[in-house]
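*Asks:* Starting off with a structure, shown below.
The values are calculated or read from the model by the stated rules, or taken from the named source; none is laboratory data. Fair warning: this is a prediction, and the values are worked out from it, not measured in the lab. Quick reminder, even Gly has a Cβ in these numbers, built from the backbone with ideal geometry, and neighbours come from all protein chains shown. Ligands, DNA and RNA are excluded from the accessible area calculation, which covers all protein heavy atoms including side chains. Shrake-Rupley method; radii C 1.70, N 1.55, O 1.52, S 1.80 Å.
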Amino acid sequence: MNVEAFNVGWITSSAAIWRQGEDPEHELRFPIPAYIIETDDERILVDTGLHPGAVADAEAFYGRPSLFRFELEQPITEQIDPATVTRIVLTHLHFDHAGALTLLPPSIPIVIQRREWEAGHDRAAVERNFFSPRDYAGLDDGRLVLVDGDHDLLGDGSVELLLTPGHTPGHQSVRVGSGLVLGADVTHFASTLEDHRFPSFADDFDAQADSARRLRRMRDDDGVRVMPGHDPDVLRPGPVAL
Ligand SMILES: [Zn+2]
């Protein structure tokens, strides 16, 4: 099994949005990763990054003001051969994870937690979580693989989806082999596993803290490497050690 990290682009905005207690005047620029997990039979894309249209003009694309500045490194569809992807796993529905979904071939199954998908179609949850339904509207229901809780993706224990809610209602992380967890936005930064200085917004801060404790236990007890969601000091494109 191999895992490769890609950097789709960058977000710059007030650091206080992303780590509680930061000076609101201080700006932070951080990467937007996506990953390919490759097995003998599969190429699994974990998250899709930004849509180039949102980078070009976020306010026009989403029809609402944007607090962020975006930069495109390269769309995920130009960094990989989309025709080779066998499944798409979405950690959650935020625009920096699901944004490029509509650019990928409509034949590829999309694996997401049922509760995340349902939240993405609930008006109050959409507003509370800053979801952008444009990112995932109009998909063929036949593509959807809705899972409930932890899920053995390939049936052989090699890749497991871990329900890690809180950042959003049905956020999930991805364990690959016995040594790596793609934590996604359970913790924005590596240090958030320790200090729980989460972003200023969450669907449920208590649940997010529980999810962070779960990943921290995996790190401390099992020696698992936990990849944070957007840590500019940790994330680098290229092969990820398993
Ligand atoms: Zn994110």
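*Asks:* May I ask you to list the chymotrypsin sites (Phe, Trp or Tyr not before Pro) in segment 1-107 that are in a DSSP loop and have at most 15 other Cβ atoms within 10 Å of their Cβ?
*Replies:* Listed in order of number, the matching sites are PHE68.
*Asks:* How much of the accessible area of the chain, in percent, comes from carbon and sulfur atoms when a 1.4 Å probe is used?
*Replies:* Answer for the chain is 47 percent, counting heavy atoms of protein chains only.
*Asks:* Right, next: Give me the percent of DSSP beta bridges within the chain that run antiparallel, rounded to the nearest 5.
*Replies:* Once the DSSP bridges in the chain are tallied, antiparallel ones form about 70 percent.
*Asks:* Only four residue types carry charge here, +1 at the Cβ of Lys and Arg and -1 at the Cβ of Asp and Glu. Report the dipole size of segment 159-214 about the Cα centre in Debye, rounded to the nearest 20. Before the final figure, lay out the partial values.
*Replies:* Numbers: 4 positive and 8 negative charges, 36 e Å.
My answer is approximately 180 debye.
*Asks:* Would you mind working out the magnitude of the charge dipole of segment 1-137 relative to its Cα centre, with +1 at each Lys and Arg C-beta and -1 at each Asp and Glu C-beta, to the nearest 20 Debye?
*Replies:* It works out to roughly 460 debye.
*Asks:* Here's another thing I want to ask about it. Please report, in debye to the nearest 20, how large the charge dipole of the chain is about its Cα centre when each Lys and Arg carries +1 at its beta carbon and each Asp and Glu carries -1 there.
*Replies:* I would put it at about 180 debye.
*Asks:* Let me ask something else about it. Taking just the alpha carbons, could you work out the radius of gyration and Dmax for the chain, both in angstroms?
*Replies:* 16.4, 48
*Asks:* Which residue fluctuates most in the GNM of the chain (Cα springs below 10 Å): GLN208, GLN172, GLN20?
*Replies:* GLN20
*Asks:* Another question about this same structure. Over all alpha-carbon pairs of segment 109-242, lay out the pair-distance distribution in 10 Å bins, whole %, shortest bin first.
*Replies:* Once binned at 10 Å, the Cα pair distances of segment 109-242 give 12, 40, 36, 11, 0.
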